[in-house]
Amino acid sequence: MISSSAFHYVNVLDKAADASWQREQTIANNIANVDTPGYKRQDVEFESVLKRELGDSKYTSLDDKISSIHLNHLQAKERTEYAGFAYRLDGNNVDIDTENVELASETLRYLGLTDSINQEFTRLKSVIK
């Protein structure tokens, strides 16, 4: 994490990329446990934390919102879905098709985030020249 006001976007994108990577690992764990009796699907929650930190004020610029974020509050939280449903009689609630789609989606999100980080550094390098 870089501590300078020029890197606020990079720091937030870095936290989002970390959360995305963690979600990919969690989804892979769900896929690995698709045949485990009683296993409950897990997920990672980050978007709601980011939304809460950004706030709802439509009269504040994104730059101001990003600069006021406390990075130590941007922590992804793993949660287990204990919903009263299960896809099978053994109590497992992992749907392999859903997990595969979620994994593909999360991979695209991660690639987008890392590309955004690279673009931010490219912008900073062009300013320095």
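The values are calculated or read from the model by the stated rules, or taken from the named source; none is laboratory data. Owing to the predicted nature of the structure, the values given are computational and were not obtained by experimental measurement. A quick note on method: Cβ atoms are made from the backbone with ideal geometry, for glycine too, and the neighbour counts reach across all protein chains shown. With ligands, DNA and RNA removed, areas are computed over all heavy atoms of the protein, side chains included. Shrake-Rupley method; radii C 1.70, N 1.55, O 1.52, S 1.80 Å.
Observations on the model:
- Arg23 vs. criteria modelled with pLDDT of 95 or more and open to solvent by less than 90 Å² (accessible area, probe 1.4 Å): yes
- The C-beta contact set for the stretch 44-71 (first residue of a type in the set (Val, Ile, Thr), second residue part of a helix (DSSP H, G or I) and open to solvent by 50 Å² or more (accessible area, probe 1.4 Å), distance under 7 angstrom, 6+ apart or interchain) comprises Val44/Gln22; Ile66/His8; Ile66/Tyr9.
- For the stretch 87-97, a residue qualifies if it is closer than 14 Å to Asn33 by Cα and open to solvent by 50 Å² or more (accessible area, probe 1.4 Å), and the qualifying residues are Tyr87, Arg88, Asp90, Ile96, Asp97.
- Scanning the stretch 99-118 for residues that are in contact (Cβ under 8 Å) with a residue 12 or more places away in the chain, among the polar types (S, T, N, Q) and open to solvent by 60 Å² or more (accessible area, probe 1.4 Å) returns a single hit, Asn100.
- Residue satisfying all of: in the stretch 26-67; of a type in the set (A, V, I, L, M) and over 29 Å from Asn100 (Cα atoms); most open to solvent (accessible area, probe 1.4 Å) among these: Leu62
- Qualifying residue in the stretch 74-86 (condition: closer than 22 Å to Phe46 by Cβ, open to solvent by less than 50 Å² (accessible area, probe 1.4 Å) and more than 20 Å from the chain's Cα centre (by Cα)): yes
- Just one of the listed residues (Glu102, Glu120) is in a helix (DSSP H, G or I), of a type in the set (D, E, K, R) and within 17 Å of Ile31 (Cβ to Cβ), namely Glu102.
- For the stretch 39-72, taking the residues that are hydroxyl-bearing (Ser, Thr, Tyr) and in a helix (DSSP H, G or I), the one that is modelled with the highest pLDDT is identified as Ser48.
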